[in-house]
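The values are calculated or read from the model by the stated rules, or taken from the named source; none is laboratory data. This structure is a prediction, so every number in the text was calculated from the model and none was measured. Cβ coordinates were reconstructed from backbone atoms using ideal geometry, including for glycine residues, and neighbour counts include every protein chain displayed.
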Amino acid sequence: MFQTLTEMKLNAIGVVAVALMCSSFTLIGSYLIEQILLRPVPELTPILSAVPSASVLECTEGVYSPVQRRCVSQDIFDAEMKRLFSALGIDTAVYDQQTQSE
């Protein structure tokens, strides 16, 4: 009988120890998750601030080229667009048909 009481006492101590460890691990884990994953995201600059203003995009002669970031002739712009289309794997004949119809 004494052995049974001792085993029950040890089992109760073990249950309490496991409960305390689980609680402390839960508290520590939630604190770390809050600090690492839920920290505030820094302020991001809007994408539109990187786009040139409308006055830059207006060209008196030619077309604005986003590649060269200046006004270029229509022939240079067409060549750039054909290179872009081919780099993206798009058939350049689509662009040729559009420019010929204009």
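A few remarks follow.
- So SER30, is it at pLDDT 85 or above, exposed (fewer than 12 other Cβ atoms within 10 Å of the Cβ) and hydroxyl-bearing (Ser, Thr, Tyr): yes
- Number of the condition not met by GLN35 [criteria: (1) surrounded by 10 or more Cβ atoms within 10 Å (Cβ to Cβ); (2) at pLDDT 70 or above; (3) among the polar types (S, T, N, Q)]: (1)
- Of all residues in the stretch 76-102, those satisfying the criterion of being modelled with pLDDT under 70 and closer than 24 Å to GLU61 by Cα are TYR95, ASP96, GLN97, GLN98, THR99, GLN100, SER101, GLU102.
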